[in-house]
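A short worksheet on the structure shown next.
The values are calculated or read from the model by the stated rules, or taken from the named source; none is laboratory data. Remember, it's a predicted structure, so these values are computed and weren't measured experimentally. Backbone-built Cβ (ideal geometry, glycine too); neighbour counts: all protein chains shown.
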Ligand code: ADP
C-alpha cells in the first residue's frame, strides 16, 4: 500500500511515494523555480536520481507533465494521494477526503491564503485528473492548531472588525509540529497525552508551538504565516505601529509593505547577505557584525517564545528542534537554550555538537544528564505526516463500511478485592468462588457478597467480582452514592488513588477503606482489530449513540480501551443504562471516531474558552 503525497506551491512542486507505516520512500520529485527561466526538476527513484531543466511551466502544469512518468517509474501501486493544503479555515480541522464539494469549499478559503491555497488547489486538480480512480485527501497546515483555546487565538481588536475579517490566530506548520511532538513522545517512551512539549520548526519559514498533552494550545504564526519568529525572509512579529508609520512616511501601499515583510526581511534583511543560515553563521564567525546581529535576534526571539510557552503550560517536559535549521545548526540550539536552567533545561554541549538526525534516525537527544527537560533534535518528515493523514481517512472510510455496532454490558454495583481483603472479610486463606463467567476473558462474578457501608446508609448483597486485584475497588452508580452518602469521583477502573472511602462488612470481618469507591467512567473494551476497524486508538474518547425504544441517547466522553485481553463491549452503569432504557442485548453504535474523537480527548480536563 503506497501513498503519493504532493505539496504543490506557487513556484515549486514536491512529491513523494512512500509506504505509510514503514515510511520507506520509493520515489521523490522536487521541481523548483517554476515560472522562471531557471526552472528545474530533480527526480529520485530506487535506481538513481536525475536533474533536468524545465521549460516555462507553472506548478500545476509541471505536475501534469511530470507525474505520469514519475508514477510509472516508481513501479508500485499508488492507492491514495495526499495533498498538503495550507489553509483549512474554521471548517477543516482534520484530514478530509476530497470531493467536488470540498474543492468548492477550499476555493472559498482563498482570501485566507491568497498565495498558497490557489496553488494547492491547482495541484489537486491536476492530480485528480491524472489519478481519477484513487481517493485524494487534503491535509491542512492549520488543522493541528484547531485546538487553540479562544484566549490564544483571539487578537485584541474591536470585535466587529475581527469578525468581519475572520481575524484570529490559525497557526501553520501543523504537520511538522504534530510529527515532531509525537516523535519526541515515542523517543521518551511516554504517551504524548501526558507531556508538555515545545516544538520549534526552524526552516525558511519558522514557528514554535506549545503542545500541551497532545494538543496545540499556542503557536507563533497567526492569521498568516508572517507573525512570530524571525524567518529566512519574513520579519516575524513587528510593532504594528511601526508598520503604519513606515507606510505613511514612505507612501507605501500594502503591496510594497507585503513585499518588504515577506521577502526582504528576516535573516536576509538583518544580515544583508542572504537568507541561508549557513552563510550567516560562516560570516558571523569571521566577524561580520550584521550576521552576528541576525543570529542574536533570531535566537533571542526563539528563546523568548520558549519561555512564554513554558509559562502558558505551567512547565515543559520536552523542547524539540526540527526543520533545516533546527536539525543542523548546533549554534542556534546552543544560543537558544542558554539561560533556560531555571526551567530545568540543560544542554549537553557535546551531544549538541554531534547530534545528527535523518529519516532513519529520527530523534537525537541533546540534554545533559541532570536536565529535567528533554532537549531533542527531530528530523522533520512532513511527507510521513501527510501519508498518516491519508491513512487515517482511508481507515475511517473502511470503518464506515464495516459494521459499527458494539454490544453494551450494564455493570451493576460491584466490588473488586485484594487477597488480603478477602482474608479479612471471608476468613484467612479463603478463595473466591466463581458464580458465573463474565464477558471479559478471565473475569467472573463470585458467590461472595458484601455489605457496603457509607456515612448515611448501607447497601447489602453487593457482589464481588474475581479474580483478586492489587487494590480494592468498589464501583457504584451516582444513585448509589446519594443513597450511601458518598461523594465518589468518576474514574477509569484501576485509578482509585484519593477516591472515596467506605466500610465493607463480610461474614467474618469488616474492613474500613480510605479509598476505593469510584463511579466508573463509561468505556469500551476492544481488541486491536476492533480499534483498527473503528478507526480509533487506545485512550481515544468517543461518542456512542444508543438507539432504544423512545429513549435514544448519545453518550459523550466514552473512553476507548484497547488490549488483546479484551472482548468488544461497552460498559455502562445502571444509571446510564436506565437513562437510555437499555435492556439485555442492546447495541450502541460508534458515531464519532478517529481524529474528531481525539479532539474531544481532554474535554473533561480543559477549559477551551
Ligand atoms: P524549508 O522551510 O524551505 O523547507 P528547510 O527546512 O530546508 O527549509 O530549512 C532551510 C534552512 O536550513 C536554511 O536557512 C539553511 O541554511 C538551514 N540549514 C540547512 N543545513 C544547515 C546546516 N548544516 N547548518 C545551519 N543551517 C542549515
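Take region 327-344 and flag every residue that is within 11 Å of residue 375 (Cβ to Cβ), away from the ligand (no atom under 14 Å from the Cβ) and touching a helix residue (DSSP H, G or I) at 6+ places or on another chain (Cβ under 9 Å).
Within region 327-344, 337, 340, 343 qualify.
Please note which helices (runs of 4 or more DSSP H) are completely contained in region 130-197 and include at least 1 residues that are buried (at least 23 other Cβ atoms within 10 Å of the Cβ) and out of contact with any helix residue (DSSP H, G or I) (no Cβ under 9 Å at 6 or more places or on another chain).
It comes to 174-188.
So the check is Cβ under 8 Å with 6+ separation or different chains; which pairs have a first residue in region 199-214 that's under 22 Å from residue 9 (Cβ atoms) and within 10 Å of the ligand (Cβ to nearest atom) and a second one that's in a strand (DSSP E or B) and at pLDDT 95 or above?
Cβ pairs passing all conditions: 201/207; 201/208; 201/209; 201/322; 202/321; 202/322; 206/200.
Within region 191-214, can you find the residues that are at pLDDT below 95 and under 28 Å from residue 540 (Cβ atoms)?
Correct list: 191, 192, 193, 194, 213, 214.
Against the conditions (1) over 40 Å from the mean Cα position of the chain (by Cα); (2) buried (at least 21 other Cβ atoms within 10 Å of the Cβ), where does residue 385 fall short? Just the number, please.
Every listed condition holds for residue 385 apart from (1).
For the subset of region 21-43 comprising residues that are touching a helix residue (DSSP H, G or I) at 6+ places or on another chain (Cβ under 7 Å) and within 10 Å of residue 62 (Cβ to Cβ), which member is surrounded by the fewest Cβ atoms within 10 Å (Cβ to Cβ)?
41
Among the residues of region 217-234, which ones are under 25 Å from residue 279 (Cα atoms) and away from the ligand (no atom under 15 Å from the Cβ)?
Taking region 217-234 as the starting set, the residues that turn out to be under 25 Å from residue 279 (Cα atoms) are 225-234.
Within region 217-234, just 227 meets the criteria.
Give me a count of the residues in region 438-488 that are part of a strand (DSSP E or B) and more than 39 Å from the chain's Cα centre (by Cα).
16
Please state which of the following conditions residue 261 fails to meet, knowing it meets all the rest: (1) touching a strand residue (DSSP E or B) at 6+ places or on another chain (Cβ under 9 Å); (2) touching a residue at least 24 places away in the same chain (Cβ under 8 Å); (3) more than 16 Å from the ligand (Cβ to nearest atom).
Status for residue 261: all satisfied but (1).
Residue under question is residue 301, and the condition is that it be within 16 Å of the ligand (Cβ to nearest atom) and touching a strand residue (DSSP E or B) at 6+ places or on another chain (Cβ under 8 Å); does it hold?
Spelling it out, it is not the case that residue 301 is within 16 Å of the ligand (Cβ to nearest atom) and touching a strand residue (DSSP E or B) at 6+ places or on another chain (Cβ under 8 Å).
Only one of these is under 30 Å from residue 195 (Cβ atoms) and crowded, with 20+ Cβ neighbours inside 10 Å: 330, 294, 308, 355. Name it.
Testing whether each residue is under 30 Å from residue 195 (Cβ atoms) and crowded, with 20+ Cβ neighbours inside 10 Å leaves just 355.
For (1) touching a helix residue (DSSP H, G or I) at 6+ places or on another chain (Cβ under 8 Å); (2) over 22 Å from residue 396 (Cα atoms); (3) buried (at least 19 other Cβ atoms within 10 Å of the Cβ); (4) modelled with pLDDT of 60 or more, each residue gets a yes or a no:
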| site | (1), (2), (3), (4) |
| --- | --- |
| 544 | no, no, yes, yes |
| 551 | yes, yes, no, yes |
| 567 | no, no, no, yes |
| 575 | yes, yes, no, yes |
| 591 | no, no, no, no |
| 602 | yes, no, no, no |
| 605 | no, yes, no, no |
| 608 | yes, yes, no, no |
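Every residue, every condition in (1) without any contact (Cβ under 8 Å) to a residue 40 or more places away in the chain; (2) under 23 Å from residue 212 (Cα atoms); (3) more than 15 Å from the ligand (Cβ to nearest atom); (4) part of a helix (DSSP H, G or I), yes or no:
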site	(1), (2), (3), (4)
283	yes, no, no, yes
293	yes, no, yes, yes
305	no, yes, yes, yes
312	no, yes, yes, yes
315	no, yes, yes, no
325	no, no, no, yes
356	yes, no, no, no
364	yes, yes, no, no
371	yes, yes, yes, no
